[in-house]
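Structure record follows, encoded as structure tokens.
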Amino acid sequence: MTFLTSLPFCAGVTTNNFVPMACLTILTVPDARLKVKALPVPLVDDSIRKLMDDMMETMYADDGAGLAATQVGINKRVIVVDLGEHTPDMGPLKFANPEIIWRSTEVKKNWEACLSVPGQSAQVERFTAIRLRYLDENNTAQEKDFDDWAAICLQHEIDHLDGILYIDHLSALKRNLLISKARKFRKSE
Ligand SMILES: [Zn+2]
């Protein structure tokens, strides 16, 4: 997920000269791999932690606020999120096997954008608060409540793990228009 108000991130910079950036390639619509339902990871080991780190770098390099493994063609239930100034107390978070175990009754429409639908945005209805069960980067089971931007972003990213894009919540007409515009946008970049 991306924020419309965010400024472009300076891509290609790493803070550690000895570890090359491991930016992954982000799939864009209409790539069929974005429609695949991801599989749970049995545990968060070093290979999953490396995946989480690479996804985080990829997300920062592309000015994203959230990224799902599905978006980089990896069929595992892993997401990373950093909402930056929108939720300064939260910091970067990494999730394996995230599962929404409670949803608010209240819903709200918000503008969303996505690294896999470049250059586009639309309003989508989401629950205003959720409770999540997941494994953190230390393989520790967690349950946490999220609201506001974090809740929106997490619903968007968990949708990705089920092969659902935010544009799938729109009418077919609107969805096809955004896919067509995203393809043109990508070619013009
Ligand atoms: Zn997305």
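Per residue of segment 135-144, what does 6.51 cos²θ - 1.76 cosθ + 1.60 with θ = phi - 60° give for ³J(HN,Hα)? Whole Hz please, x for Gly and Pro, Karplus curve as stated.
9, 8, 5, 9, 6, 9, 6, 10, 10, 9
Just in segment 48-114: which GluC sites (Glu not before Pro) are loop by DSSP and have at most 16 other Cβ atoms within 10 Å?
When the GluC sites (Glu not before Pro) of segment 48-114 are filtered for loop state and at most 16 Cβ neighbours within 10 Å, 106 remain.
Taking Cα pairs under 8 Å and at least six residues apart, what relative contact order does the chain come out at, in percent?
24 percent
If the reach is capped at under 24 angstrom between alpha carbons, list the lysines near residue 181, excluding any in the same chain fewer than eight residues apart.
Qualifying lysines at Cα under 24 Å: 35, 109.
Leaving out ligands and nucleic acids, and using a 1.4 Å probe, what accessible area per residue does segment 31-85 come to in Å²?
For segment 31-85, the solvent-accessible area averages 42 Å² per residue.
Please enumerate, by chain and number, the aspartates and glutamates with C-alpha under 16 Å from the C-alpha of residue 174, excluding those fewer than 8 residues away in the same chain.
Straight-line reach from residue 174, under 16 Å: 112, 125.
State, to one decimal in nm, how far the label point of residue 174 lies from the label point of residue 141, with both points 7 Å from Cα in the Cβ direction.
3.9 nm
Using a 1.4 Å probe on the protein chains only, how many percent of the accessible area of segment 32-188 belongs to carbon and sulfur?
Answer for segment 32-188 is 50 percent, counting heavy atoms of protein chains only.
Under the Karplus relation 6.51 cos²θ - 1.76 cosθ + 1.60, θ = phi - 60°, what is the ordered set of whole-Hz ³J(HN,Hα) values for segment 28-34, x standing for Gly and Pro?
Each residue's phi maps through the Karplus curve to give 10, 4, x, 4, 5, 5, 6 Hz.
HN-Hα J couplings of segment 106-114 from phi, Karplus 6.51/-1.76/1.60, θ = phi - 60°, integer Hz, Gly and Pro as x?
Once θ is set to phi - 60°, the couplings for segment 106-114 become 6, 10, 8, 8, 9, 6, 10, 9, 8 Hz.
What translational diffusion coefficient, in µm²/s and rounded to a whole number, does the Stokes-Einstein relation yield for the chain at 4 °C and a viscosity of 1.567 mPa s, taking the hydrodynamic radius as the Kirkwood radius over Cα pairs?
Stokes-Einstein gives a translational diffusion coefficient of 77 µm²/s.
Counting only heavy atoms of the protein chains, get the accessible area per residue of segment 115-169 (1.4 Å probe) and round it to a whole Å² value.
Using a 1.4 Å probe on heavy atoms only, each residue of segment 115-169 averages 38 Å².
Can you tell me the FRET efficiency between residue 63 and residue 39 if r is taken as the Cβ-Cβ distance and R0 is 30 Å, rounded to the nearest 0.05?
0.60
Sorted from largest down, what three extents in whole angstroms do the Cα atoms of segment 39-129 have along their principal axes?
Principal extents (Cα only, largest first): 38, 31, 27 Å.
For the chain, set up a GNM with springs between Cα atoms under 10 Å and report which of 172, 129, 61 has the largest fluctuation.
For the chain, modelled as a Gaussian network with Cα springs under 10 Å, the answer is 172.
Considering the chain as a Gaussian network with a 10 Å cut-off on Cα pairs, which listed residue, 165, 51, 43, attains the greatest mean-square fluctuation?
Checking each option, the largest mean-square fluctuation is seen for 43.
The values are calculated or read from the model by the stated rules, or taken from the named source; none is laboratory data. Model, not experiment: these values are computed from the prediction. Glycine also receives a Cβ, built like all others from the backbone with ideal geometry; neighbour counts cover every protein chain displayed. When the accessible area is computed, the model is the full protein with side chains, heavy atoms only, and any ligands, DNA or RNA have been set aside. Shrake-Rupley method; radii C 1.70, N 1.55, O 1.52, S 1.80 Å.
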